[in-house]
Amino acid sequence: MIPVDEAFARIMAQKIELPVAEVSLEEAVGKILREPIYADRDFPPYHRVTMDGIAIRYESYLAGEDTFRVEGMQLAGAPAQTLTHKDECLEVMTGAILPKNTDTVIRYEDVSIIERRGKRYAHILAAPKMRLQNVHQQGSDRKATDLLIPEGTLLSPAEIAVAATVGKASLKVTQAPRVAIISTGDELVKVTQTPLPHQIRKSNSYMLQAAMREQNVLADVFHLIDDKSLLLDELQQKFKKYQVLVLSGGVSKGKADFIPEVLQELGVEQVFHEVAQRPGKPFWFGKQAAGPVVFALPGNPVSTFVCYYKYIRLWLRAILGAAPAWNLQAHLTTEITFNPKLTYFLPVKVFISATGWRAQPVPIGGSGDFAGLLAADGFLELPPDQIKFSPGDTFPFIGFRS
Ligand SMILES: Nc1nc2c(c(=O)[nH]1)N[C@H]1C(S)=C(S)[C@@H](COP(=O)(O)OP(=O)(O)OC[C@H]3O[C@@H](n4cnc5c(N)ncnc54)[C@H](O)[C@@H]3O)O[C@H]1N2
Ligand code: MOO
Ligand SMILES: [Mg+2]
């Protein structure tokens, strides 16, 4: 049995190379960028009018002019017009390029438009405060050729918008690994079946698939019964096609718990078996020399859950090339006593308060009570070298709600 930190380090040390794929901008959110994105033009690319109103020369106003004849109108999307007389103005709309020979925009609310003998005049009601008022100046946000998004960024809608504006219709991203989720167990039936009294419906594979989908990893799902020779055959087949196997069940001490021996017989080298944690102690992890990385998770649903969020999620993030996830900490709200010398993943609900995140323990009936997780947001990781955990103490929080 090894400590949690050691298990984590051994998992993170397993590297697999993932190729780069080109995907359309529409498909890129949630993926990891594998090319730097530069500004193709200044941001904004022209002096952009930010208020609907009139554009004047500030100097004319300073020279005492307060009523400007309207020469014409500059709409957004039209090439820049030129103000021909310095004491006149052009009407301008938000998003338009600032007309030539003008440098200041006054909002419609701050002028009164007067019609006189077929001509329009703008009389200033509120003095412009400065030159370039209501103008988003060319290059004030970013300059052409500036690095906008570094390689390795996890693409959020903010990055998608910036990629669109620089004309990237497709992006280079990390190609997700080929992952198989394999549940095992004779007691498990399909979600569409009515279980007999001694059976239950499969849920771990759905949970794992859903969790991976949130990371943009689309896994294939299989189920195998507890038959050793069948497990040997079927798993060997999977080794050819998949880079990562995530198994659930069959890793403890039961007479039908064949997974560790089957994997070893198939040449998967055991990196560890059993981690000093609850839940999830029987966790088995290994790697086949030229084959897949294998996570064999304990079958109890809450154990499967904890092992995914504590280890697999972060490992997938790392191999995909993303920056490490934020390390969230939360204050325990009530006293907890836990005697075994194991890291305890305590289900909690979290709240934000003036002093930071607070974690309220959620009562749960052991590692089989996955309905108990419906009231939780994640787990507080309580270290193994302590028995009493006091209110206000801070511990790492591992969340499963995005
Ligand atoms: N003598 C001992 N027995 C057990 C120990 C131990 O140390 N000594 N450890 C216990 C712990 S802790 C856990 S966790 C479980 C792990 O069991 P396995 O990985 O062998 O898993 P199974 O026996 O196949 O199943 C356990 C439990 O989980 C349910 N299960 C399994 N797969 C699914 C699924 N896909 N969807 C929903 N539920 C699933 C299964 O029906 C069992 O109830 O071992 C303890 N025993
Ligand atoms: O460690 Mo087991 O994961 O309690 O159910
Ligand atoms: Mg078992």
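Projected over all directions and averaged, the alpha-carbon convex hull of region 74-183 occupies 12.7 nm².
The convex hull of the Cα atoms of region 1-44, projected and averaged over all directions, covers 6.0 nm². Since only Y309, Q215, V29 are under comparison, the one whose Cα sits farthest along the positive direction of the charge dipole of the chain, derived from C-beta charges on Lys, Arg, Asp and Glu, is V29.
Considering only V246, V189, V350, the mean-square fluctuation computed in a Gaussian network model of the chain, springs between alpha carbons under 10 angstrom, is largest for V189.
Cα-based Rg of region 152-285 per 2.2 N^0.38 Å, rounded to two decimals?
Details: Rg = 18.8 Å, N = 134, 2.2 N^0.38 = 14.1 Å.
This ratio for region 152-285 stands at 1.33.
Evaluate the relative contact order of region 48-136 (contact order divided by residue number), counting alpha-carbon pairs under 8 angstrom at least 6 apart; express in whole percent.
Numbers: 216 pairs, mean separation 34.0, N = 89.
Rounded, it is 38 percent for region 48-136.
For region 318-402, the gyration tensor built on C-alpha atoms gives a rounded shape. Its axis ratio a/c (a ≥ b ≥ c) stays under 1.5.
Can you tell me the FRET efficiency between T355 and K388 if r is taken as the Cβ-Cβ distance and R0 is 22 Å, rounded to the nearest 0.05?
After rounding to 0.05, the efficiency reads 0.60.
When the chain is treated as a Gaussian network with alpha carbon springs shorter than 10 Å, the biggest mean-square fluctuation among E71, E234, E265 belongs to E71. With all protein chains in place and a 1.4 Å probe, the accessible surface of the chain carries 53 percent carbon and sulfur.
Please give the Cα centre distance for region 103-131 versus region 242-257, rounded to the nearest Å. Rounded to whole Å, the Cα centres lie 76 Å apart.
Size descriptors for region 313-360 (Cα atoms only): Rg and Dmax, in that order, 14.5, 39 Å.
Figure legend: label point modelled 7 angstrom from the Cα of S402 along Cα→Cβ; residues of region 303-327 with amide N under 18 Å from it are 305-306, 308-327.
Do any trypsin sites (Lys or Arg not before Pro) in region 304-348 lie in a loop, going by DSSP, with at most 16 other beta-carbon atoms within 10 Å of their beta carbon, and if so which? Spell out each step's value before the answer.
Working: sites: K310, R313, R317, K341; in loops: K341.
Passing both the DSSP loop test and the Cβ count: K341.
Using the 1.4 Å probe convention, the accessible area of the chain works out to 50 Å² per residue with neighbouring protein chains retained. Only Cα pairs under 8 Å and 6+ residues apart enter the sum, and on that basis the relative contact order of the chain stands at 15 percent.
Here region 1-152 was treated as a single set of alpha-carbon atoms; its pair distances binned every 10 Å from 0 give 10, 28, 19, 13, 11, 8, 6, 4, 1, 0 percent.
Over its Cα atoms, what ratio of radius of gyration to 2.2 N^0.38 Å does region 203-271 give?
Details: Rg = 12.7 Å, N = 69, 2.2 N^0.38 = 11.0 Å.
My calculation over the Cα atoms of region 203-271 gives 1.15.
Each listed q (0.06 Å⁻¹) maps to a log10 I(q)/I(0) for the chain, found by the Debye formula over equal Cα scatterers with no solvent: -0.42. Taking label positions 7 Å along the Cα-Cβ direction at both A144 and A76, the computed distance is 2.3 nm, reported to one decimal.
Could you list, in their original order, any pairs among K238/K281; K202/K255; K15/K241; K241/K281; K86/K143 whose Cα atoms are separated by more than 22 Å? In this structure, K238/K281; K241/K281; K86/K143 lie more than 22 Å apart at Cα. For E115, neighbours were defined as the other residues whose beta-carbon sits under 14 Å from its Cβ, and their charges (Lys and Arg +1, Asp and Glu -1) total +4. Overall, the ratio between the Cα radius of gyration of region 271-385 and 2.2 N^0.38 Å, rounded to two decimals, is 1.15. Binning the C-alpha pair distances of region 48-136 at 5 Å intervals from 0 yields a P(r) profile of 3, 17, 30, 28, 17, 4, 1 %, listed from the shortest bin outward.
The values are calculated or read from the model by the stated rules, or taken from the named source; none is laboratory data. None of these values were measured; they are calculated from a predicted model. Because the Cβ atoms are built from the backbone with ideal geometry, glycine has one as well, and the counts that use them run over all protein chains shown. With ligands, DNA and RNA removed, areas are computed over all heavy atoms of the protein, side chains included. Shrake-Rupley method; radii C 1.70, N 1.55, O 1.52, S 1.80 Å.
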